[in-house]
Every structure is written in structure tokens, then in C-alpha cells.
1. Of the numbered conditions (1) surrounded by 13 or more Cβ atoms within 10 Å (Cβ to Cβ); (2) at pLDDT below 50; (3) closer than 30 Å to residue 89 by Cβ; (4) not hydrophobic (A, V, I, L, M, F, W, C), residue 155 satisfies every one except a single condition; which is it?
2. Listed residues 123, 44; which is of a type outside the set (A, V, I, L, M, F, W, C), crowded, with 18+ Cβ neighbours inside 10 Å and not assigned by TED's automatic domain parsing to the domain that holds residue 280?
3. Output yes when any residue across the range 89-105 is in a loop (DSSP other than H, G, I, E, B), of a type in the set (Asp, Glu), modelled with pLDDT under 90 and out of contact with any His (no Cβ under 6 Å at 6 or more places or on another chain), and no when none is.
4. So, in the range 294-330, of the ones that are in a loop (DSSP other than H, G, I, E, B) and surrounded by fewer than 22 Cβ atoms within 10 Å (Cβ to Cβ), which residue ends up modelled with the lowest pLDDT?
Amino acid sequence: MADVFDQIEWNVQKIFDGEPVCVHVGNAMECELKRHPSYPKFHTEAVRAGVQPASSSRLWESLIAMGRLSDLDGDCTWRLVILDCIIPSLRSVSARVSRDFRVDCEEIRSDMVATALEAWKDTATGVAPRNVRDRMVKAAFDAAFRQGKATSSERPMDDIEALSWQEPTAQDCKPRASSIIDVDDIRDADVAEQIRGERAGAMLQRWGCFDAVHSFHDEIRSGHRSGSAGQAVKTSRSRSLISNPNLYYYSSDLYPRHIGLSEAAGVMGIAESAAHRLIRTGQFPLPVARVGRSYKVSVRALMHFKDIPDAIIHVDDVENGALHARDAVP
């Protein structure tokens, strides 16, 4: 079934119907330039120009100007063209939000288009034409994530799942007790804590990195934590079936302090090129550190941005989960 993205694309193609596109005066027959691209070629150029630095995108400045002029004439043609040229940037984000939050993709895309149009109206004055496209895309991204968080009937992924999510393979599709239990629905806090830790340990074991985690646990037990880990986490809970109440830590201690911009962009659901553009325009929503020619993003800041809880887990629970996962391997 066609959604709003498809409808916009079809309407624009129907409008031009193979005719040359002129972004200078709107009508190729009246333009002094004699060579004009067909709409598919123009669309490709506009999409490519959209991910370039805003200050160098002359095509988009002309496109925005045509959109404003057509608005004055009560014509929505160029507004539709602008939407059609940003839709490729919105498709992947809408699909990711729909998947991660289990929300209908068509509803998300409709909301993204409506919000992008609101941004178009809000930027009619006081905003340079070269910045309008980025404002529309960012507003659409924000709308998608807001709707996903507000309307999702399922819990979001746990912390370690969200940052390291992978498509399940056939071997990983066997039902596991901890994977079908919603921790948020468990009233006993101790049981929820245990399941959360065991789930993390099981995933670490399946990914083949539990040996490093085991060494990390040895440092906790010896009182000599190093690397990204801080001081031992204190908790008011008094579970009876744990070896030591002082062996808790934050799940973020298992991650590096910083990750590359490419990985961070993947978690955020945007292209790396879009992340670079947002950094250049000062609109990237997270603090970044410049390391040579690359950027690093704080993992904890990324978790906060994605509303990923930095859960407190116990070494016993994590190790038990890893042990169960290892024993389950045929």
C-alpha cells in the first residue's frame, strides 16, 4: 500500500512527466539556459547536493527560492519537489523508528511530512535559504522519534541491546525465557534486576566477548577497576542470593567511553554524511570530540539522547546469564 512518501513521489513525477526541470525561473522554455535535466536526473542531483555543506549548495538555494515564489502564487508544485528531494533522507529513519518502537511506518511518515511542512512555514522569514533543508529534515527526524516513544506499546530495547542490536540469525531464534519477559512488567525489583543482568551476560556470551568481561569482573572483585570503569556502584538493595552487595556496576561501563561518528550515526538512525553536515552547521544534538580528521561521540551522551537506561547490574547475574547461554549451545 502506498504511503505519503510514495504519493508525493508519484505526484511530482506526474507533474513533470518527462519534461525538463528549470529551478531558475520555473519554466524551462522561458529560461536563458538551454540545457535542463529531466526530473529523475534533477532529483538525483538535489539529493546529492542536500548532503553537502549547506553553504556550497547553490542548487538548494535556488530550489528553496522557487518554493517560496510558488507559495506566493498559491502553487504547491515546488513545495512538493522539496519534500520529494528530502524523502530519501527520511525513509531510513522512518523504517528504523517503526522497527525499533514497533509503530506503524505509514503513521510515522505522515507525521514526518506534516512536521517538515511546519518547519517550511516557520523558516519563511529569518532563516537563510541554505539552512531551510536541514531544518526540515531535523524537524522530521525529531517528530519520528517523538512519535515512536509516545505511541510504542512495547518497551524499547534494553541498554546493551539498543547500542549493539543485530539482525537475529536462525541459530538465535530459539525462544529464551529472558527474551520473552518484559522487565518493565515485573513487580519484584530483585527479579527484574536479575533478569536484566542475565540477559546482558547471555548476549555478551553469544557475541564471543565474555572473556574480556570476565577479566573486568575480576578487577571489580579485587577492587582495582580500570579503563572506562569508575568506582564501585553502591545500591540500597539487599538481595540474599548474590556473593557481594558491592559488586554492582553500570552497564555503560562495558562500553568504550567514545565511539566513532559512523557508529553513533547508525544508532541515531541517520547517515554518517548527515551527521557530518549537522556538526558543520552546529546542529548535531550531542557533544563531539575532534580526533585528527575524525569525530568521537560520548557513549553515555548517546545513551541519554536515545533514552537508553544505564542499568545497574551485578557481576553474579551477568556471569550466570553467560553460563546459561554457553550451556545452551549444542
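1. (1)
2. Just a single option satisfies the conditions, and that option is 123.
3. Within the range 89-105 (the criterion being in a loop (DSSP other than H, G, I, E, B), of a type in the set (Asp, Glu), modelled with pLDDT under 90 and out of contact with any His (no Cβ under 6 Å at 6 or more places or on another chain)), the answer is yes, since at least one residue qualifies.
4. That would be 330.
The values are calculated or read from the model by the stated rules, or taken from the named source; none is laboratory data. Worth saying up front: this structure is predicted, and the values here are computed from it rather than measured. We place every Cβ from the backbone using ideal geometry, glycine too, and count neighbours over all the protein chains shown.
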